[in-house]
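Enquirer: Once you've had a glance at the structure underneath, I'll fire off some questions.
The values are calculated or read from the model by the stated rules, or taken from the named source; none is laboratory data. Here the structure is a predicted model, which is why all the values come from computation and not from measurement. Quick reminder, even Gly has a Cβ in these numbers, built from the backbone with ideal geometry, and neighbours come from all protein chains shown. Accessible surface is based on the protein model in full, side chains and every heavy atom, while ligands, DNA and RNA are left aside. Shrake-Rupley method; radii C 1.70, N 1.55, O 1.52, S 1.80 Å.
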6 protein chains.
Amino acid sequence: MKSSRIKTGILGLDKMLGGGIPEGRVVLLVGGPGTGKTIFCSQFLVNGIEMYGDNGVFVSLDEGKSHYLREMSVFGWDLEKLEQEKKWAFVNASPIKYAISPDEVSNISIGSKDFSLSNLINKIKSSVDKIKANRVVVDPITSLVFQYPDVINRRAAILNIVEGLTEIGITSMVTTELKTSGFERNIQLEEYLAHGVIVLQTLQVGKTSIRAIQVEKMRETSIDPQIRPYRITEKGIEIYQKESVF
Amino acid sequence: MKSSRIKTGILGLDKMLGGGIPEGRVVLLVGGPGTGKTIFCSQFLVNGIEMYGDNGVFVSLDEGKSHYLREMSVFGWDLEKLEQEKKWAFVNASPIKYAISPDEVSNISIGSKDFSLSNLINKIKSSVDKIKANRVVVDPITSLVFQYPDVINRRAAILNIVEGLTEIGITSMVTTELKTSGFERNIQLEEYLAHGVIVLQTLQVGKTSIRAIQVEKMRETSIDPQIRPYRITEKGIEIYQKESVF
Amino acid sequence: MKSSRIKTGILGLDKMLGGGIPEGRVVLLVGGPGTGKTIFCSQFLVNGIEMYGDNGVFVSLDEGKSHYLREMSVFGWDLEKLEQEKKWAFVNASPIKYAISPDEVSNISIGSKDFSLSNLINKIKSSVDKIKANRVVVDPITSLVFQYPDVINRRAAILNIVEGLTEIGITSMVTTELKTSGFERNIQLEEYLAHGVIVLQTLQVGKTSIRAIQVEKMRETSIDPQIRPYRITEKGIEIYQKESVF
Amino acid sequence: MKSSRIKTGILGLDKMLGGGIPEGRVVLLVGGPGTGKTIFCSQFLVNGIEMYGDNGVFVSLDEGKSHYLREMSVFGWDLEKLEQEKKWAFVNASPIKYAISPDEVSNISIGSKDFSLSNLINKIKSSVDKIKANRVVVDPITSLVFQYPDVINRRAAILNIVEGLTEIGITSMVTTELKTSGFERNIQLEEYLAHGVIVLQTLQVGKTSIRAIQVEKMRETSIDPQIRPYRITEKGIEIYQKESVF
Amino acid sequence: MKSSRIKTGILGLDKMLGGGIPEGRVVLLVGGPGTGKTIFCSQFLVNGIEMYGDNGVFVSLDEGKSHYLREMSVFGWDLEKLEQEKKWAFVNASPIKYAISPDEVSNISIGSKDFSLSNLINKIKSSVDKIKANRVVVDPITSLVFQYPDVINRRAAILNIVEGLTEIGITSMVTTELKTSGFERNIQLEEYLAHGVIVLQTLQVGKTSIRAIQVEKMRETSIDPQIRPYRITEKGIEIYQKESVF
Amino acid sequence: MKSSRIKTGILGLDKMLGGGIPEGRVVLLVGGPGTGKTIFCSQFLVNGIEMYGDNGVFVSLDEGKSHYLREMSVFGWDLEKLEQEKKWAFVNASPIKYAISPDEVSNISIGSKDFSLSNLINKIKSSVDKIKANRVVVDPITSLVFQYPDVINRRAAILNIVEGLTEIGITSMVTTELKTSGFERNIQLEEYLAHGVIVLQTLQVGKTSIRAIQVEKMRETSIDPQIRPYRITEKGIEIYQKESVF
């Protein structure tokens, strides 16, 4: 049985995604600093509501609500109104970013989910149910992963996030940080654990710095893997398909 | 005594493989994210059934069956029907991907096989016998290997996987993740431990992102080591021999 | 509610910043040795006073006051007079740079702020209140972060600095050191934790060494991400928009 | 007293070797996956028998005998007949590749040879004596070296292998894995410990993948250090001197 | 209050330094092997005496006096005469380079200066006072720093050296080793801790090896950051401003 | 007092060395595998005897005497005759290369020389006295250094070797291994600890592999730092000054 496709509504992207994100999947958005990750996934939610009737939950592990709203205000999205209309919800999980338990780290059995991740997943599920959301965003997942000092546990943490979100049953987008840059960068292990991966970078191409987006991976999808330029405008992220990065 | 060759049936590949994979061997498919590893090895099994009368077992360490079937549905392979016809079987080993035993890790004697790998091999053997399969796929082997924090034990884990599969006596394809990319990437130790290695990458060649495949190694075979472009179409992976990547 | 913008007054920069720094945010200035980080953030404060009526506090973790004043004297800023006029204040936190407690390091719970950072934040807050400052600079944050030997704790230290400064409620600029150089350098974790990032480098472009500045990230802002040349003159930092680095 | 030279008989190689390998020396063949290391050293033995009257022993640490014979069958060498004629012998040391003793590792005194290496050397010596071999191959030495987690012990392991083989008194060729690739790869410590080193790589030169061989080092020999192309044909390895890799 | 400038007298350099080194500062001279670090800083002292009436102390952590004098003799500087005239002094701190106390290393509290560094600073101060020196050189500081196995303590060691020399109150030049080379080398932490940094490298530019000098950083100074060629002649280091490295 | 210069007699090299090696100094010869390090330093000794009346001692930490003599025989040097004439001596220190004392390593106080190094220095001194040698070679020093697992102790080991040889009072040449290759390789710490450094590499320049030599450093000497091509002929190493590597 083929999946429905969840459209992002981001100009130029759904075409690169072969129509949209397969329903119920977890997509990883990995990008460098200032590449627009938060704008991108916020737009995914707002478009969901305004264009496709999909309610959405924004889970923030970076900023509290007032700062977030302030940042998104430039794009003309009236998030507080959508919130009142119970079409949009904000989960402030930013305190998690400070949580470190050096003791627990060595003893946590990842096979059964991590305590703080369990709580978070439950909180998310609860918000999703409350407004019958169809989309959820977690921005960023970095602190959930970097509680652990070693690769084995980080890998497990990412798997648990993807698993936990998949169990909620709706379409998810999570963001993470790029560690190295350029065309021949190191591949980060999260890229193998999500169902889809979109990469945002600011590349130096000859004399110009270009914002570049690439759909690297998407299950069930015939993707267009070309790197394309995008801009961050007053409407959010816009990708121009006819243009090349070069 | 020369081996029979097991044909992949993937357009363009058998020629690069000097006819096909030598029977009973273990081939490693190493590729970056989104390069089509799961599609590739699934196609290997489906073609085995439909073109060559070889039954096959798909062992998944990444996804459960429903997600897997959903992903493969785009290619028009009726896997559930093949399953009923006892020509195809699915072994769901995805729970293994969560198994971490920090205690056991330091004490496991690899000379005698690892407990969870033993179980897995037995499970695979059982499935193979049940449908008299001639081909088996394990996708991916990463979690079986990354239970171990050190190179010595990872090396042993890979050897045990190759050994365990070889003992079953049929032709195997296993997948793994590429860590670095480009033309002068680091060589991963798995590449020395499998009998054959096929590499899938998305390379940036000038202005274009190209999907590129290379047969790096195959025992008993006069391979064509040239990097060639491939596409993922509605029929699966297709390699165009007359084309160059450049 | 959209933010006010705090103008830097640095020739060419406010345009790259879409008007200025969003009020109350923490901007990271990351640069190589000799790129003018101290001059840059000092100019940010002096311009604040002289051009925009914003009082400012300079927190030094590198040098004592007399050395600092000596260095800034070439630019014609009469900092001692501004100090008397209670428009500018200097917090000498340079002793912190020597503080190492190997014992404490492993036991510090970062969830509740670090002892020495708490003190520093209080000291800063006190200075800010005393002259009703609107801008604060911390130059550099390196020693606050490098007390910790591991990434998990360093990450937390940076988060705490950003958090602590944000709570004070005014606009902050903090400086840090670049570890690798060139167009495809490694991205440092601080760049993901600040609200904005400006990068200063001396790049080798063909035959010439060029001082280059790039606004890499700024929340709530449509930035111009192009790398531009700048000079350090007798007036301080000057960026020439019409020029290219190439 | 000048050494006799042991000819490899591999087309094009003996010329690069200044006539052949100095008698009694240990040559390291280091190569990437699929570059033909096993074929190369097998050919060295077969040519020894068929062209120069030198009997030879093949010590396998990778594969058992039936798999090995299957692989070599494509080249038309009747190894089983040579074995009956007591001109060729196969030592199956592949079980060693699984041997890991974490306890022993930290206590082994390398000054007196390693227990499993001692046994192996004795076994080899015994085989050599039995057929009065003049050449021996060990393919690959990797597992003998990688039992040890640290550089100091690995270095000692390699020294002991070279020493042990030298004591047997005949000419040896051992194979090992290349870790990094390209023209400016890292130099592996084994390359300093063998008497001679031949490197096999598949290099990307412009648009083509080329199999390239280079004689990097050979005691007592005026070598030709140029990188030359080679092919793996039905006769084995062939090097074309008049051709360039470029 | 603006600083006096201490002229190096090295042909071409004072211009790159905006007139000279600001009085009382610590300048780091970082260079590759054979780039002339010892010659450079010795010339700084000799010129100080002969051209500017500044007495100077040479602190050697590398060589004893007779070897040092032998090396400097080619440049025609009569150091022994200057020593008798109490214008120049030599402090032999070379025994320090052997001092390792593994026990002490982990317990040393860097906040209060290191025992051997304290002694050294006192010894230097005493020499400076004795001849009323205005300049001091420490060549090299590497062993003072590399007693410590970790970055935190090395950083502190360098800070203490800079602090200790600054307290003496005169202008200092210290030398250190370059770890990586080329235009996009890694930045070493010492470069952020000194008041000024001059880099000496032998760069490969096309077909030629060029000795290249760059003033990377200098507090209170409008530096010329261009890389320029220099030569080591019978007069010492000479920089040719009109020439380019390229 | 200026040093005498010890001529190497190697065609083309003494000119690059500004006449020769300053008497009593320790020169490090660092080179890749197969670059001719042993030939080079052997030639240094033989030329010393035959051209300049300097007797010499060859200290081997790699090979025993018979293997060494066999290797050098191609160059027409009658070393056994020179040995009988008490002009040349061979110290077989090759057993040292196997010596590992894991226990001792952590406890050795490098301030007072290492036990095995003391013995070796004494042995060398004794040989030097016996034939009144003026030159000594230690080939290679790697095992003396790599007994130690950490940088601090390795650094000390190298210092002790240089110190120990300097105390003997004659001119020394020691060899070591290059770890990375190419024009922008990492600088190895030994290069800063010897009095002079000569680098031997096989560089890939366009389509050709070229043997290249560079005098990187030499105390008291105006060196020619250009990279020049050399050949290994039947007479030993020959450098062609008029030729360029490019």
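Enquirer: Whole number in Å², please: accessible area per residue of chain D, 1.4 Å probe, ligands, DNA and RNA not counted. Show your work: numbers first, answer last.
Expert: On the way: 8930 Å² over 246 residues.
That works out to 36 Å² per residue.
Enquirer: Nearest beta-carbon of D to the rotation axis carrying it onto E: which residue, how many whole Å?
Expert: Nearest-to-axis residue on chain D, with distance in whole Å, is D:Glu184, 9.
Enquirer: If you roll a 1.4 angstrom probe over the protein chains with everything in place, what fraction of the accessible area of the protein assembly as shown belongs to carbon and sulfur, to the nearest %?
Expert: Within the protein assembly as shown, the accessible surface is 50 percent carbon and sulfur.
Enquirer: So what does E:Cys41 come to for accessible area, using a 1.4 Å probe and Å² rounded to 10?
Expert: 0 Å²
Enquirer: Right, something else. Using a 7 Å offset from Cα along the direction of the beta-carbon, what are the separations from F:Arg231 to the same position in each other copy, nm, ascending?
Expert: 3.2, 3.2, 5.5, 5.5, 6.3
Enquirer: May I ask which residue of D:Leu193, D:Pro229, D:Gln241 lies farthest towards the positive end of the charge dipole of chain D, with charges of +1 (Lys, Arg) and -1 (Asp, Glu) on Cβ and the Cα centre as origin?
Expert: Going by the charge dipole, the pick is D:Gln241.
Enquirer: Considering protein heavy atoms only and a 1.4 Å probe radius, which residues within segment F:139-160 exhibit an accessible-area decrease of no less than 30 Å² in the full assembly relative to the chain by itself?
Expert: Residues meeting the cut-off: F:Phe146, F:Ile152, F:Arg155, F:Leu159.
Enquirer: While we're on this one: Going down the table (B:Lys179/F:Lys37; B:Lys81/B:Lys242; E:Lys7/F:Lys242; E:Lys86/E:Lys242; E:Lys65/E:Lys207; C:Lys15/C:Lys132), which pairs top 29 Å between alpha carbons?
Expert: Checking Cα-Cα distances, B:Lys179/F:Lys37; B:Lys81/B:Lys242; E:Lys7/F:Lys242; E:Lys86/E:Lys242; E:Lys65/E:Lys207 exceed 29 Å.
Enquirer: Considering Cα pairs under 8 angstrom that are at least six residues apart, work out the relative contact order of segment F:123-246 and quote it in whole percent.
Expert: The value is 16 percent.
Enquirer: For an R0 of 45 angstrom, estimate the FRET efficiency from the Cβ-Cβ distance between D:Lys179 and F:Ser222 and round to the nearest 0.05.
Expert: The pair D:Lys179/F:Ser222 has a calculated efficiency of 0.65.
Enquirer: Using a 7 Å offset from Cα along the direction of the beta-carbon, what are the separations from B:Asn119 to the same position in each other copy, nm, ascending?
Expert: 3.1, 3.1, 5.4, 5.4, 6.2
Enquirer: Which FRET efficiency, nearest 0.05, do A:Lys207 and A:Val151 yield, Cβ-Cβ r, R0 45 Å?
Expert: Calculated value: 0.70.
Enquirer: Report the dimensions of the protein assembly as shown along its three principal axes from the alpha-carbon atoms, largest first, rounded to Å.
Expert: Principal extents (Cα only, largest first): 102, 99, 52 Å.
Enquirer: If you take every residue apart from C:Leu29 with its C-beta less than 9 Å away from the C-beta of C:Leu29, what net charge results, scoring Lys and Arg +1 and Asp and Glu -1?
Expert: Every neighbour counted, the sum reads 0.
Enquirer: Classify segment D:144-213: rounded, prolate or oblate, from the alpha-carbon gyration tensor (a ≥ b ≥ c, eigenvalue square roots; a/c under 1.5 rounded; otherwise prolate if a/b is larger than b/c)?
Expert: Taking the square roots of the gyration eigenvalues as a ≥ b ≥ c, segment D:144-213 is oblate.
Enquirer: Considering only DSSP states other than H, G, I, E and B, which trypsin sites (Lys or Arg not before Pro) in segment C:169-226 qualify as loop sites with at most 15 other Cβ atoms within 10 Å?
Expert: Sites meeting the loop and neighbour criteria: C:Lys179, C:Lys207.
Enquirer: What are the distances, in nm and sorted shortest first, from the label point of C:Gly206 to the label points of the same position in each other copy, with each label point placed 7 Å from Cα along the Cα-to-Cβ direction?
Expert: Here the equivalent label points are 1.4, 1.4, 2.4, 2.4, 2.8 nm apart from this one.
Enquirer: Accessible area lost on pairing C with E, both sides, 1.4 Å probe, Å² to nearest 100? Intermediate results must be reported in sequence, preceding the final value.
Expert: Working: alone 11970 and 11950 Å², together 20910 Å².
Roughly 3000 Å².
Enquirer: Please list, in order, the residues from segment F:199-231 whose amide nitrogen is less than 14 Å from a point placed 7 Å along the Cα→Cβ vector of F:Lys15.
Expert: Answer for segment F:199-231: F:224-230.
Enquirer: Residues of segment A:42-91 with accessible area at least 10 Å² lower in the all-protein-chain context than alone (1.4 Å probe)?
Expert: Buried-area filter returns A:Asp62, A:Glu63, A:His67, A:Arg70, A:Glu71, A:Ser73, A:Val74.
Enquirer: Which of these, A:Gly24, A:Gly12, A:Gly34, has the largest mean-square fluctuation under a Gaussian network model of chain A (Cα springs below 10 Å)?
Expert: A:Gly34
Enquirer: A follow-up question, please. How large is ³J(HN,Hα), in whole Hz, for each residue of segment F:63-69 in order, when computed from phi with the Karplus curve 6.51 cos²θ - 1.76 cosθ + 1.60 and θ = phi - 60°, using x for Gly and Pro?
Expert: Computed from phi, the couplings for segment F:63-69 are 10, x, 5, 5, 5, 4, 4 Hz.
Enquirer: Another one. For a paramagnetic label modelled at 7 Å from the Cα of E:Lys130 toward its Cβ, which residues of segment E:39-71 fall within the zone defined by backbone nitrogen distances under 14 Å?
Expert: Counting backbone N atoms under 14 Å from the label point, the list is E:56-60, E:65.
Enquirer: For chain B, set up a Gaussian network in which alpha carbons nearer than 10 Å are linked by springs, and say which option among B:Ile187, B:Ile213, B:Ile141 fluctuates the most.
Expert: B:Ile187
Enquirer: Using the Cα centre of chain F as the reference point, and only Cβ charges (+1 on K/R, -1 on D/E), how large is the resulting charge dipole? Debye, rounded to the nearest 20.
Expert: My answer is approximately 440 debye.
Enquirer: For F:Lys123 and B:Asn92, what does the FRET efficiency come to when R0 = 45 Å and r is the distance between their Cβ atoms, rounded to the nearest 0.05?
Expert: Plugging the Cβ-Cβ distance into 1/(1 + (r/R0)^6) gives 0.10.
Enquirer: As an exercise, identify the trypsin sites (Lys or Arg not before Pro) in segment C:30-90 lying in DSSP coil whose Cβ has no more than 15 other Cβ atoms within 10 Å.
Expert: C:Lys86
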